[in-house]
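The values are calculated or read from the model by the stated rules, or taken from the named source; none is laboratory data. Note that the coordinates shown come from a computational prediction; the quantities given were computed from them, not determined experimentally. Every residue, glycine as well, gets a Cβ built from its backbone with ideal geometry; the counts of neighbours run over all protein chains shown. Remember, those area values only see protein heavy atoms, side chains included, never the ligands or the DNA or RNA. Shrake-Rupley method; radii C 1.70, N 1.55, O 1.52, S 1.80 Å.
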2 protein chains.
Amino acid sequence: QSGTGSLENTENASGRRRVMVIGGDGYCGWATALHLSNKNYDVAIVDNLVRRLFDHQLGLDSLTPIASIHNRIRRWKALTGKTIELFIGDICDFEFLAETFKSFKPNAVVHFGEQRSAPYSMIDRSRAVFTQHNNVIGTLNVLFAIKEFGEECHLVKLGTMGEYGTPNIDIEEGYITVTHNGRTDTLPYPKQAGSFYHLSKVHDSHNIAFTCKAWGIRATDLNQGVVYGVRTDETALHEELCNRFDYDAVFGTVLNRFCVQAAVGHPLTVYGKGGQTRGYLDIRDTVQCVELAIANPAHRGEFRVFNQFTEQFSVRDLAALVTKAGEKLGLKVETISVPNPRVEAEEHYYNAKHTKLIELGLKPHFLSDSLLDSLLNFAVQYRDRVDTKQIMPSVSWKRIGVKPLTVKA
Amino acid sequence: QSGTGSLENTENASGRRRVMVIGGDGYCGWATALHLSNKNYDVAIVDNLVRRLFDHQLGLDSLTPIASIHNRIRRWKALTGKTIELFIGDICDFEFLAETFKSFKPNAVVHFGEQRSAPYSMIDRSRAVFTQHNNVIGTLNVLFAIKEFGEECHLVKLGTMGEYGTPNIDIEEGYITVTHNGRTDTLPYPKQAGSFYHLSKVHDSHNIAFTCKAWGIRATDLNQGVVYGVRTDETALHEELCNRFDYDAVFGTVLNRFCVQAAVGHPLTVYGKGGQTRGYLDIRDTVQCVELAIANPAHRGEFRVFNQFTEQFSVRDLAALVTKAGEKLGLKVETISVPNPRVEAEEHYYNAKHTKLIELGLKPHFLSDSLLDSLLNFAVQYRDRVDTKQIMPSVSWKRIGVKPLTVKA
Ligand SMILES: NC(=O)c1ccc[n+]([C@@H]2O[C@H](COP(=O)([O-])OP(=O)(O)OC[C@H]3O[C@@H](n4cnc5c(N)ncnc54)[C@H](O)[C@@H]3O)[C@@H](O)[C@H]2O)c1
Ligand SMILES: NC(=O)c1ccc[n+]([C@@H]2O[C@H](COP(=O)([O-])OP(=O)(O)OC[C@H]3O[C@@H](n4cnc5c(N)ncnc54)[C@H](O)[C@@H]3O)[C@@H](O)[C@H]2O)c1
């Protein structure tokens, strides 16, 4: 018997809507949780903190010192009077997830809670398997929890632009209308993911689409581009609210990495030819996009897909921008081409649509000189914390093996 | 360090090629293992026998009495002098799988070893999760084993026509060439699977395609239609070689089910309007197709997709054919429309290509009157073994819940 104990999809006594942020201790999730709390949503963070464990296991650390999740939430309460509820646990554990749903009764779930590094998923067999299990089963559990305990609840799920790969035609937002042998249909956009991590997101998308159709789940899949930046209005309020900033070759994303490399005088590490073009966005736009998705929920049974980025750059473009900004600050910035550890096209067509979030009201923060200046200054401020051994890529798409890899001390 | 200990992709001392049949105790796998053994391949069966466990747990049984895998293999040896090696274990257990690879050194792996029932995957949350975990992780392990221990080895993987769903355009074999905004690319055919089982196959296909590209795996994905029939030349040799024949609502496929229903005087159970159209094939063609795929391996790095079926029918068509054949045998055959337990289109366009296996030399056994007669006679022969409680569908796509379901005694 399904649907018993369904929550009503109502606001709570205070008239505020309840948003559960899964993965709320992470880079995007923490910024989003604070942003939504600030905007008067009732927020709960669900996280098993496994990302902090990965860092320990691989001997990595955030550029910025980050407070424990407990101290983060206490500090937020002290500064703003706002409470963020905390549920520590693994969403692959359905018993735990069911209890959090029954206790918090969310109107919307924002699901950031996955293993999200492509290189991590390509370290060894056990990490590849972990990534797909953690992400696919976690998301399945969230779908079952919504069906069982809150069927009006809106799922806002983080996907990635990497699901599409680099096709030789324009990338649409989730669907493409195809005319073939004289007949026409609108179909899911074909997926060509380039790592076990990206593949896990493709699997999630297919699973979610099915449950929208079969169960009437309302879902928004945010195919996010590469995020850069660190400060948001809320995380800037106090050092204990500071967000994580990954610069290492496993978890760091390219623009953040280049800024740290420039700050410590390491040559910018362009993989191969550097013609790899992707969509990018400022973390201040991540939080804005999620808020827009929540404020404008998908309909029952709708599987809505937004491409969540604001600008396209090639890796070469980014290296040039960071070089110019660095020189203005008196940094000497060099660029080297590193043998590409990934299997990917290094020169390719890329034109991805991203109008749907703009139509909902997104006001993008474009990558300007001033942002790059402040990001570089930020990296310079923390440069004593940089472990330069973490900069060069160590994970190879082709050399991945079956032996569990241990990082040397 | 990957690739150490790679097997050479050579024939064995006797000059015969070695084929590992994962899931070789199942319906398609057993018939295929015997067929390949008969054709002088060196065959090993890898199976954890979990399918026999499902039957116990759900209180189901094959229409035909089936011997244990040990007795099956002993009987084959006694009749033909041919040895089939046996490895009992779970391919989700990589330690086990690695040992079987190192011991048997296959030139080709035929991978049937998955939870393959759509209704089973829709029983409850834990079976949905089991299905995706078992199938996706099992297949990932097979890919890693091939990369590590036998990179020349050809993977022949069973997919399903159900991966494509029922698009309003022609279904191609794996890929479709799309012209969009003046540019053209050939892309993976979009997938719209209709159950957690079918979705697991979509996930597998994406994972395999990636490893072909990243690691140079050679793979053939056989998107098989619905299989019918029971006897093959080899299984007909002795009753201990008899294949399983599922007629229940969880594991039975439609034509096999209709024959048993006709044999016991149960009305044929058409789900909804009965316009659901799919590709079908005789189990004698399953074994032929697999042999053709092995004899003509994919190239290194090639992800080859064949649609493996020989004819299209709607459920209504099949009911009419079984009714006619039954009446010839003096059976009174009625048809009822059962409320559709699935979420699927009941009237739709369907035109799926299936030329690639024909080009390789497939000589189809079409569904003829004589086959239907013999299938019906077969069902009549065993009708005392039918448990009529297993005929009506009990699993609902919409009512699936989170509580583990136990079947009443
Ligand atoms: N950072 C980017 O540039 C980027 C780009 C595109 C998409 N995304 C997506 O956005 C989401 C968040 O990314 P991020 O950069 O903030 O990652 P992150 O690693 O900083 O945060 C992920 C959080 O999820 C938690 N988590 C993981 N598995 C969990 C589980 N089973 N149960 C409970 N919690 C779990 C981790 O502990 C971590 O706190 C991810 O889904 C990611 O794929 C990120
Ligand atoms: N029967 C059909 O009509 C049909 C149609 C399309 C595709 N297929 C595909 O063909 C394949 C075989 O189907 P079938 O009808 O023979 O199914 P089956 O259930 O009769 O056989 C599957 C076999 O795989 C084994 N198995 C499952 N998980 C395993 C694991 N983790 N480790 C080791 N062994 C495992 C089972 O014990 C069983 O013997 C499946 O992949 C199925 O999806 C079948």
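Overview of results
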item: Of residues in segment B:51-62 being under 18 Å from the mean Cα position of the chain (by Cα) and open to solvent by less than 30 Å² (accessible area, probe 1.4 Å), the one farthest from ligand 1 (Cβ to nearest atom); result: B:SER62
item: Exclusive hit being part of a helix (DSSP H, G or I), open to solvent by 50 Å² or more (accessible area, probe 1.4 Å) and touching a Ser or Thr at 6+ places or on another chain (Cβ under 8 Å), set A:ARG316, A:ARG284; result: A:ARG284
item: Candidate set: segment A:91-104, residues that are within 11 Å of chain B (Cβ to nearest Cβ) and near ligand 1 (Cβ under 10 Å from one of its atoms); chosen: the one nearest to A:SER37 (Cα to Cα); result: A:LEU97
item: Filtered residue count, segment A:105-133, keeping only those that are closer than 19 Å to A:LEU405 by Cα, within 11 Å of ligand 1 (Cβ to nearest atom) and either hydrophobic (A, V, I, L, M, F, W, C) or over 14 Å from the mean Cα position of the chain (by Cα) (or both); result: 6
item: Residue match in segment B:190-198 (condition: within 8 Å of chain A (Cβ to nearest Cβ) and over 19 Å from the mean Cα position of the chain (by Cα)); result: yes
item: Top-ranked residue of segment B:88-104 - restricted to ones that are within 20 Å of the chain's Cα centre (by Cα) and free of Cβ contacts under 8 Å to residues at least 60 places away in the same chain, ranked as farthest from ligand 2 (Cβ to nearest atom); result: B:ILE88
item: Within segment A:233-258, considering residues that are among the β-branched types (Val, Ile, Thr) and within 20 Å of A:THR32 (Cα to Cα), the one farthest from ligand 1 (Cβ to nearest atom); result: A:THR235
item: Which listed residue, of B:ASN223, B:ASN207, B:ASN256, is within 16 Å of ligand 2 (Cβ to nearest atom), open to solvent by less than 10 Å² (accessible area, probe 1.4 Å), in contact with a Ser or Thr (Cβ under 9 Å, 6 or more places away or on another chain) and more than 14 Å from chain A (Cβ to nearest Cβ); result: B:ASN223
item: Boolean, A:HIS354 is crowded, with 22+ Cβ neighbours inside 10 Å and either out of contact with any Phe, Trp or Tyr (no Cβ under 7 Å at 6 or more places or on another chain) or not aromatic (Phe, Trp, Tyr) (or both); result: yes
item: Matching residues, segment A:102-119, being surrounded by fewer than 24 Cβ atoms within 10 Å (Cβ to Cβ) and of a type in the set (Phe, Trp, Tyr); result: A:PHE104
item: Whichever residue in segment B:380-408 is in contact (Cβ under 8 Å) with a residue 24 or more places away in the chain and assigned to a helix (DSSP H, G or I) and, among such residues, is nearest to the other protein chains (Cβ to nearest Cβ); result: B:GLN390
item: Some residue of segment B:326-345 being hydroxyl-bearing (Ser, Thr, Tyr), more than 14 Å from chain A (Cβ to nearest Cβ) and surrounded by 14 or more Cβ atoms within 10 Å (Cβ to Cβ); result: yes
item: Residues of segment A:259-273 that turn out to be buried (at least 22 other Cβ atoms within 10 Å of the Cβ) and of a type outside the set (Val, Ile, Thr), as a count; result: 5
item: So A:LEU371, is it closer than 19 Å to A:PHE245 by Cα and either of a type in the set (Gly, Ala, Ser) or away from chain B (no Cβ under 14 Å) (or both); result: yes
item: Residue selected from segment B:10-59 under the condition among the aliphatic types (A, V, I, L, M) and away from ligand 2 (no atom under 11 Å from the Cβ), by the criterion nearest to the other protein chains (Cβ to nearest Cβ); result: B:MET20
item: Residue in segment A:286-305 that is within 14 Å of ligand 1 (Cβ to nearest atom), within 14 Å of chain B (Cβ to nearest Cβ) and in contact (Cβ under 8 Å) with a residue 40 or more places away in the chain present; result: yes
item: Filter result for the condition that a residue is in contact with a helix residue (DSSP H, G or I) (Cβ under 9 Å, 6 or more places away or on another chain), within 21 Å of A:GLY225 (Cβ to Cβ), of a type in the set (Val, Ile, Thr) and in a helix (DSSP H, G or I), over A:ILE358, A:ILE294; result: A:ILE294
item: Meets criteria (at the interface with chain A (Cβ under 8 Å from one of its Cβ atoms), free of Cβ contacts under 8 Å to residues at least 40 places away in the same chain and either in contact with a helix residue (DSSP H, G or I) (Cβ under 9 Å, 6 or more places away or on another chain) or surrounded by 24 or more Cβ atoms within 10 Å (Cβ to Cβ) (or both)) for B:VAL136; result: no
item: Residue tally, condition more than 16 Å from the chain's Cα centre (by Cα) and open to solvent by 10 Å² or more (accessible area, probe 1.4 Å), over segment B:157-167; result: 2
item: Subset tally (residues that are within 10 Å of chain A (Cβ to nearest Cβ) and not basic (Lys, Arg)) for segment B:140-160; result: 7
item: Count of segment A:147-173 residues which are within 26 Å of A:VAL227 (Cβ to Cβ), out of contact with any Asp or Glu (no Cβ under 7 Å at 6 or more places or on another chain) and not charged (D, E, K, R); result: 12
item: Restricting segment B:245-271 to residues that are among the β-branched types (Val, Ile, Thr) and part of a helix (DSSP H, G or I), the residue that is farthest from B:SER394 (Cα to Cα); result: B:VAL264
item: Residue tally, condition more than 15 Å from ligand 1 (Cβ to nearest atom) and of a type in the set (Ser, Thr, Tyr), over segment A:204-232; result: 1
item: Qualifying positions in segment A:365-379 - in a helix (DSSP H, G or I), modelled with pLDDT under 95 and of a type in the set (Gly, Ala, Ser); result: A:SER370, A:SER374
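Residues checked against (1) surrounded by fewer than 24 Cβ atoms within 10 Å (Cβ to Cβ); (2) out of contact with any strand residue (DSSP E or B) (no Cβ under 8 Å at 6 or more places or on another chain):
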position: A:ILE169; (1), (2): yes, no
position: A:HIS180; (1), (2): yes, no
position: A:ARG183; (1), (2): yes, yes
position: A:HIS203; (1), (2): no, yes
position: A:ALA214; (1), (2): yes, yes
position: A:VAL227; (1), (2): yes, no
position: A:VAL230; (1), (2): no, yes
